[in-house]
Structures are given as structure tokens and as C-alpha cells.
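Data first, discussion second: the structure below is written as C-alpha cells.
Read-outs: derived from the displayed coordinates by stated rules, not from any lab. Just so you know, these numbers come straight off a predicted model, no measurement behind them. Quick reminder, even Gly has a Cβ in these numbers, built from the backbone with ideal geometry, and neighbours come from all protein chains shown.
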Amino acid sequence: MKVFVTGKLSDRAFDALQNFAQVDAYESDDPMPREEFEARLDGKDALVCILGDKVDRELFQKRPQLKLVANVAVGYDNINVADANDAGVLITNTPGVLDNATADLAFGLLLSAARRIVEADGFVRRGEWKGWKRELMLGAELHGKTLGIVGMGRIGKAVAKRARAFGLNIIYARKGEDKKADDALKKAFEAERVSLSDLCKRSDFISVHCPLRQETRHLIGKAEFALMQPHCVLVNTSRGAVIDEEAMIEALESKRIASCGLDVFEREPLVPERLIALPNVVLAPHIGSATKETRAGMDELAIKGLVEAFSGKLPSNAVNPAVWDKFQGSR
Ligand code: GLV
């Protein structure tokens with residue numbers, strides 16, 4: 001059984017994989033050139049990949065031997081799951097292990113944007129600080145304000161937990177009816193479920209935590225920015241394309257909203273010059289899950305799922321369990 005790994009894995013996960021399969025691993029932490037990716041994937045039974053690796057029909061059609069793709073990320077918008085279903089390829093992701101790390105970063109970005117920490121850091125470093133001033137770098141206080149959470153899954157809940165400690169009131173918008181879950185959220189966080197429009201109107205701060213799907217692409221666009229309050233701070237640690245980046249830049253430039261904290265962008269690693277030119281944004285290079293502990297947890301979960309699947313057990317982190325019978329037949 002042959003596995004191709006497109007990025008570095010933690011030692012424990014790598015050892016576990018090597019004990020189980022013949023492993024070909026890309027040696028660098030830099031993104032892999034596509035031609036090399038395609039060439040080295042030939043003849044492999046499984047692929048362990050990262051969110052920059054595009055996986056679709058063409059890839060499957062050329063490689064009938066490929067049976068499983070383990071995405072070392074919770075988001076799997078880089079993989080065309082419908083194509084994987086047609087090809088009978090099992091897809092896994094890494095849910096649960098990165099909730100705290102991502103929620104921490106969302107809060108870091110929220111605090112940085114609301115309290116202008118990055119701007120303040122530059123001010124001090126440039127030697128512009130001439131003494132204490134009453135009006136210097138005034139920002140927005142979190143306590144007593146309203147945080148709107150878009151997408152109330154595992155990461156949204158981890159954000160809600162932190163928000164309560166900061167004295168924030170929580171409203172949230174998400175898809176699907178689930179009264180039981182709404183009641184539980186009310187009980188745990190006094191969180192109120194509202195429509196996306198109401199969330200945009202009422203929030204002092206907004207944090208986005210829904211996955212990127214066809215129906216969430218540009219979920220927040222021109223119409224939503226038009227509803228937001230001018231002091232609103234928007235944080236995105238999910239996927240760039242959930243927000244219409246052009247509309248967001250216009251909203252920031254025209255001061256329709258106050259600021260943004262962004263870990264994700266529509267065309268990563270491209271960050272528009274107009275965004276970089278704005279002082280009222282805090283930018284990070286997609287590091288939501290980038291803690292040592294979480295990265296190790298993601299690697300271990302990815303490899304555990306792979307080993308389970310090839311040992312005849314449907315992994316709990318399978319994204320498309322419907323292909324399980326087909327997968328087993330091809331194994
Ligand atoms: C990171 O963005 C992930 O989806 O795990």
C-alpha cells in the first residue's frame with residue numbers, strides 16, 4: 001500500500017504512517033509545484049494533502065488506483081467531493097482538534113483590530129510616540145457589546161465560550177432548523193439566533209465560522225456590508241471566499257465598517273494591494289490552526305483515519321461515508 005504525503009507531518013503521525021504503508025513524502029514545507037504533485041501521486045493508493053492541493057475529477061480519472069484522500073484541514077473546499085463520490089474515493093478531514101486554536105486566533109484578531117494593537121506597535125517602532133495622550137489610539141471596548149457569530153459549529157461555539165468571558169452578548173446566524181441546538185446555545189451562552197441580515201445590523205463585532213460551500217460563497221457581500229454599523233469590526237478565520245473581498249475592501253475604504261481582522265483571503269496567498277494599504281486591517285497568513293499542539297493533533301487524526309479505513313473500519317472523520325462500500329470493494 002503506497003501513500004503520497006504533500007507536506008510535513010509531525011514525527012508521531014509520520015512514524016505511524018510509515019509503520020503501515022510505503023510512504024513517499026514531499027520534503028519541504030513550501031507549497032509543492034503542481035507537476036511534481038501529479039507525477040508523485042501516480043501509482044499511490046492514498047494521498048495525504050493540505051488545503052492548497054486541488055483535488056478533483058481529472059486527478060481521480062487519471063489515477064484509478066487512488067482510493068483515499070486525507071485532507072489535513074477541517075475545511076475541504078479544495079476537494080471536489082461530488083467527483084470523489086463518483087470515483088468511489090473516500091475523503092477524510094480533521095474536525096474537532098483545531099477548534100480552540102482557531103477560536104484563539106479569531107479572538108486575537110478581534111482584539112488586535114478593535115484595540116488597534118498592530119497599528120500601535122508600528123507607531124512605537126517608528127519612534128512616533130512622544131508621550132501619553134488622552135486621545136491616542138482610541139479603540140473599541142469589547143465588554144457589553146454584541147458579537148455576531150456566522151456559523152455556529154464547533155469553532156463558532158469555541159468562540160462563543162471565549163466571548164462570554166469577555167462580557168460580550170452573542171447573536172448568531174446559521175443554516176438549518178435545529179431547535180434543540182438553539183435551546184442549548186441559549187442555555188450555555190445566552191446566545192440568540194437571528195437572521196444574517198439582523199446579525200449584520202445588530203453586531204458591534206462579527207466573526208465568521210462557516211465552511212466554504214457553494215451556498216456560502218460570498219455569503220457576506222455588498223448587501224450585508226450595507227447593513228453593518230460603521231463601528232463594526234469583522235473577523236474572518238474560515239475561508240476568504242465566504243466574504244466578497246472586493247465588497248469588503250470598498251466597505252473598509254469608504255469607512256462603511258471600522259476594521260477587519262483577516263486570516264484568510266479569496267485567492268491565497270494573494271492579498272490585494274488595496275487591502276495591504278489600509279491601516280485599519282490586521283492581516284495574518286492563514287494561521288488559524290498553527291499551534292504545535294493542534295498541528296500534531298491534525299496530523300495524527302489524518303493518519304488514524306487513513307489507517308482505520310485501510311484496516312476495514314469506517315473512520316469517524318470520513319467526509320463522504322456513502323462511498324464506504326465502494327471503497328471497501330476497491331481495497
Ligand atoms: C484550516 O484552514 C483548516 O480548514 O483546517
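Between Ala73 and Thr94, the built amide H atoms are under 5 Å apart, and every one of these is 5 or more places off in sequence or on another chain. Charged neighbours of Ser259, selected by a Cβ distance under 13 Å, balance to +1 (K, R count +1; D, E count -1). Placing +1 on the Cβ of every Lys and Arg and -1 on the Cβ of every Asp and Glu, with no other charges, gives region 99-283 a dipole of roughly 500 debye about its Cα centre.
Can you bin region 64-187 into rounded, prolate or oblate? Criterion: square roots of the alpha carbon gyration tensor eigenvalues sorted a ≥ b ≥ c, rounded for a/c under 1.5, prolate for a/b above b/c, oblate for the rest. Taking the square roots of the gyration eigenvalues as a ≥ b ≥ c, region 64-187 is oblate.
Calculate, in nm to one decimal, what Met137 and Asp30 gain on full extension: separation in residues at 0.36 nm each, minus their alpha carbon distance.
Details: separation 107, 0.36 × 107 = 38.52 nm, distance 3.73 nm.
Separation in residues times 0.36 nm, less the Cα-Cα distance, equals 34.8 nm.
Spatially, region 39-104 and region 242-319 are offset by 17 Å when compared through their Cα centroids. What the phi angles of region 220-235 give under the Karplus curve with 6.51, -1.76 and 1.60, with θ = phi - 60°, is a coupling list of 9, x, 3, 5, 6, 4, 5, 8, 6, 7, x, 8, 5, 10, 10, 10 Hz, glycine and proline written as x.
Looking at the chain only, what percent of DSSP beta bridges run antiparallel? Nearest 5 please.
Values: 2 of 40 bridges.
Percent antiparallel among DSSP bridges in the chain is about 5.
Positive contributions from Lys and Arg (+1) and negative ones from Asp and Glu (-1), summed over other residues with Cβ under 11 Å from the Cβ of Asp244, come out at -3.
Under unit Cβ charges (Lys, Arg +1; Asp, Glu -1), what dipole magnitude, rounded to 20 debye, does region 239-331 have relative to its Cα centre? Charge dipole, region 239-331, about its Cα centre: 360 debye, nearest 20.
With a sphere of radius 10 Å drawn around the Cβ of Pro315, what net charge do the other residues whose Cβ falls strictly inside it have (Lys, Arg +1; Asp, Glu -1)? Display every interim value, and only then the final one.
On the way: positive: Lys304, Lys313; negative: Glu308.
Net charge around Pro315: +1.
For the pair Asp11 and Gln229 in one chain, pulling the backbone fully straight at 0.36 nm per residue adds 73.7 nm over the alpha carbon distance. The mean sequence separation of alpha-carbon pairs under 8 Å and at least six residues apart, normalised by the residue count of the chain, gives a relative contact order of 19 percent.
Quote the charge dipole size of region 42-147 about the Cα centre in Debye, to the nearest 20; the model charges only the Cβ of Lys and Arg (+1) and of Asp and Glu (-1).
Numbers: 14 positive and 15 negative charges, 111 e Å.
Rounded to the nearest 20 debye, it is 540 debye.
Using the Karplus relation 6.51 cos²θ - 1.76 cosθ + 1.60 with θ = phi - 60°, the per-residue 3J(HN,Hα) values for region 6-18 come to 8, x, 6, 10, 5, 4, 4, 5, 5, 4, 4, 5, 5 Hz, with x marking Gly and Pro.
Averaging the sequence gap over all C-alpha pairs within less than 8 Å and six or more residues apart, then dividing by the number of residues, gives region 223-331 a relative contact order of 20 percent.
Taking amide hydrogens as placed 1.01 Å from N in the peptide plane, the amide H of Ala140 sits under 5 Å from those of Arg115, each at least 5 positions away in sequence or on another chain.
The GNM of the chain, with springs linking C-alpha atoms under 10 angstrom apart, assigns the highest mean-square fluctuation among Ile276, Ile171, Ile79 to Ile276. When peptides 297-303, 172-178 are ranked by their average number of other Cβ atoms within 10 Å per residue, the highest-first order is 297-303, 172-178.
Backbone N atoms of region 277-300 closer than 18 Å to the 7 Å Cα→Cβ label point of Phe123 belong to residues 278-283. The peptide list 139-147, 103-111, put in order of mean Cβ contacts within 10 Å with the highest first, becomes 103-111, 139-147.
Pairs of alpha-carbon atoms within less than 8 angstrom and 6+ residues apart define the contacts here; what relative contact order does region 99-283 have, in percent? If you can, show how the numbers build up before the last one.
Numbers: 335 pairs, mean separation 40.2, N = 185.
The value is 22 percent.
Pairs from the list Lys179/Lys326; Lys8/Lys67; Lys304/Lys326; Lys2/Lys313; Lys175/Lys313; Lys2/Lys292 with a Cα-Cα gap above 25 Å: Lys179/Lys326; Lys175/Lys313; Lys2/Lys292.
Shape class of region 1-157 from the Cα gyration tensor (axes a ≥ b ≥ c, square roots of the eigenvalues): prolate, since a/c reaches 1.5 or more and a/b is larger than b/c. Name the residue from Gly108, Ala82, Val69 whose Cα lies farthest towards the positive end of the charge dipole of region 69-175, charges +1 on Cβ of Lys and Arg and -1 on Cβ of Asp and Glu. Of the options given, the answer is Gly108. Close amide H partners of Leu234, meaning residues 5 or more places away or on another chain with modelled amide H under 5 Å apart, are Ile206, Ser259, Cys260, Gly261. Report note on the peptides 59-69, 238-248: ranked by the mean count of other C-beta atoms within 10 Å, highest first, their order is 238-248, 59-69.
Residue-wise HN-Hα couplings along region 167-180, as the Karplus relation 6.51 cos²θ - 1.76 cosθ + 1.60 with θ = phi - 60° gives them from phi, are x, 8, 8, 10, 10, 8, 10, 7, 8, x, 8, 7, 4, 4 Hz; Gly and Pro carry x.
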